[in-house]
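Structure first, commentary second.
The values are calculated or read from the model by the stated rules, or taken from the named source; none is laboratory data. These figures come from a predicted structure and were not determined experimentally. Cβ placement follows ideal geometry from the backbone for every residue including glycine, while neighbour counts extend to all protein chains displayed. Areas reflect the complete protein model, heavy atoms only, side chains present, ligands, DNA and RNA absent. Shrake-Rupley method; radii C 1.70, N 1.55, O 1.52, S 1.80 Å.
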Amino acid sequence: MKNPETIKIGVIVSLTGNSGILGDYTLKGVQYAVDEQNSKVGLLGRKIELDLRDSKADPKEGINVICKMMEQKNKPFMVYSITSGVSQAIKPETKANKIILMSAVGTDRFLEESKFTVRNFVAAATIGKQIKESGYSGKIIGDPLMAYPDVEKAAGSALKGIHYLDLAFNPKSKDTTTRAFIKGFESKFKTLPQNFSVITYDGVKLLFSIIEKAGTLNPDVIIEELNHLQDYEGVFGPVSVSERNIKYRFVFKTWN
């Protein structure tokens, strides 16, 4: 049978409701990675297209949209999702269809019961270790969500002095790789990238690099190669993978 002209990436995120802002950040990260890849040679000589679905941050809606994705003749070879409830709910379908599910979730249960799941966020079970490695010994106040503009808008001056663990991405960095990403992202979307956009971009591009090296979309091969990945050059430093956890650099920050 002739291969379809395009290959698909499913994107299941909340675009409405309270989680809509995180869905928008995530979508921009995927879109930028895909557009960049398509502007070259695509992936394995084929163009990539997005199959976008709004989960509304509702696990039941997540099941509804993943089932519709799986009914298509040209199924996505991977799905990117956010929020633990939705990601857990769609996992049985992606597992049954041997489709890679990459998700920005913290729950440790996400990696259980399916070898095709990849976590693209800080792991809840290892966050204590990452905190110690950062050199911080004070009280823990906040997580990476504290960095978002809508949090600052809502809390205002009440944030001053609050400590929080955050990804080591610095939008004011002078690093050449970081600056190039920020410039390109801002040119495309007319806004600065937020953390969810950055890790989504890095996670998707990391997977593209593995697929190009392996020369296949076979999920068993991709997952095997993924688990051996060390020192991939991401937007804000080297990225490694351990037991399907994509590991970024984290630092402690303080609201001024």
Part of a helix (DSSP H, G or I) and under 19 Å from the mean Cα position of the chain (by Cα): is that true of Leu22 in this structure? yes
How many residues are open to solvent by less than 10 Å² (accessible area, probe 1.4 Å) and under 15 Å from Leu22 (Cα atoms) if we restrict to segment 82-92? 3
Checked Arg244, Arg249 against criteria (of a type in the set (Lys, Arg), open to solvent by less than 60 Å² (accessible area, probe 1.4 Å) and closer than 14 Å to Val122 by Cα); the one match is Arg244
In segment 168-194, anything charged (D, E, K, R) and in a loop (DSSP other than H, G, I, E, B) is listed as Lys172, Lys174, Asp175, Lys190
Residue by residue through segment 160-201, note down the ones that are surrounded by 14 or more Cβ atoms within 10 Å (Cβ to Cβ), without any contact (Cβ under 8 Å) to a residue 60 or more places away in the chain and under 14 Å from Glu36 (Cα atoms). Phe181, Ile182
Say whether the condition of being in contact (Cβ under 8 Å) with a residue 40 or more places away in the chain and either outside any loop (DSSP other than H, G, I, E, B) or crowded, with 16+ Cβ neighbours inside 10 Å (or both) is met by at least one residue in segment 93-100. yes
Within segment 194-210, restricting to residues that are in contact with a helix residue (DSSP H, G or I) (Cβ under 6 Å, 6 or more places away or on another chain) and at pLDDT 95 or above, the one that is nearest to Leu44 (Cα to Cα) is Phe208
Hits in segment 195-221 (condition: over 19 Å from Val11 (Cα atoms) and hydrophobic (A, V, I, L, M, F, W, C)): Ile210, Ala214, Val221
Taking into account only those residues within segment 43-71 that are in a loop (DSSP other than H, G, I, E, B) and in contact (Cβ under 8 Å) with a residue 24 or more places away in the chain, which is surrounded by the most Cβ atoms within 10 Å (Cβ to Cβ)? Ser55
